[in-house]
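Peer 1: Structure below; questions to follow.
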Amino acid sequence: MAWEPDILEAPSTTVRPITEVAPGQWTVQRSLVEYYAAHPLEFETVATYVITHKDGAGTPDGFKVGLRRCGVLWETGFRSGDVVHAVNARTISTIMQAIGAYFALRSEDEFVVNVTRKGGAELELHYTLIDDTREDRHLMRDFLRAARAVHREEKDAAREKKRDERREDR
């Protein structure tokens, strides 16, 4: 039986690219998934790191993500340090498998991501992709601009800090 969120739609004037509809359940505008599929280098604006995670025997069993608190992945329920193990029961143990799973999502209407949170809690994060109205696409554009602006500010602050540290070392 397919998973269905408790709330299917919101008025288009209030639709955000990502909406939590219940604990562990989100709707995501399809154009957001399409955007990151078309602009893979933009992933650096949503994750500070992505590394292969290994189980106790040293076998890759997922990948661990580091996130900014204001990023897209944070809004979809991921937290820094989460280990992603599967998407729609498709095992993810390498970055290439993760990229393949992400591209496969473009044709899905619903998907489930299995993660382990810091401390060992195992979670299922449920998502429904929703099609966009014209107004939604404008909201998405504004959302992505804001996310990029925050990322630029973080990079500029880090550069300025390094510059100040070098000046102090002289």
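Peer 1: Where residues in the stretch 119-140 are under 17 Å from the mean Cα position of the chain (by Cα) and either open to solvent by 60 Å² or more (accessible area, probe 1.4 Å) or among the polar types (S, T, N, Q) (or both), which of them is modelled with the lowest pLDDT? Working first, answer last.
Peer 2: Pass one, the stretch 119-140, residues under 17 Å from the mean Cα position of the chain (by Cα): 123-130, 140.
Subsequent filtering for residues that are either open to solvent by 60 Å² or more (accessible area, probe 1.4 Å) or among the polar types (S, T, N, Q) (or both) retains 124, 128.
Working: Glu124: 96, Thr128: 93.
Among residues in the stretch 119-140 that are under 17 Å from the mean Cα position of the chain (by Cα) and either open to solvent by 60 Å² or more (accessible area, probe 1.4 Å) or among the polar types (S, T, N, Q) (or both), the one modelled with the lowest pLDDT is Thr128.
Peer 1: Sticking with this one: Restricted to the stretch 40-73, and to residues that are among the acidic types (Asp, Glu) and touching a helix residue (DSSP H, G or I) at 6+ places or on another chain (Cβ under 8 Å), which residue is modelled with the lowest pLDDT? Full working, then the answer.
Peer 2: Our first condition is that a residue be among the acidic types (Asp, Glu); within the stretch 40-73, this holds for 42, 44, 55, 61.
Going one step further and asking which of them are touching a helix residue (DSSP H, G or I) at 6+ places or on another chain (Cβ under 8 Å), we end up with 42, 44.
Values: Glu42: 75, Glu44: 71.
Among them, the one singled out is Glu44.
Peer 1: Gly77: within 19 Å of Glu124 (Cβ to Cβ), open to solvent by less than 20 Å² (accessible area, probe 1.4 Å) and over 11 Å from the mean Cα position of the chain (by Cα), yes or no?
Peer 2: Details: within 19 Å of Glu124 (Cβ to Cβ): yes; open to solvent by less than 20 Å² (accessible area, probe 1.4 Å): yes; over 11 Å from the mean Cα position of the chain (by Cα): no.
So Gly77 fails the test.
The values are calculated or read from the model by the stated rules, or taken from the named source; none is laboratory data. These numbers were taken from a predicted model, which means no experiment stands behind them. Methodologically, a virtual Cβ is constructed for each residue, glycine included, from the backbone with ideal geometry; neighbour enumeration extends over all protein chains shown. To get the accessible areas, we keep the full protein, side chains included, count just its heavy atoms, and leave off ligands, DNA and RNA. Shrake-Rupley method; radii C 1.70, N 1.55, O 1.52, S 1.80 Å.
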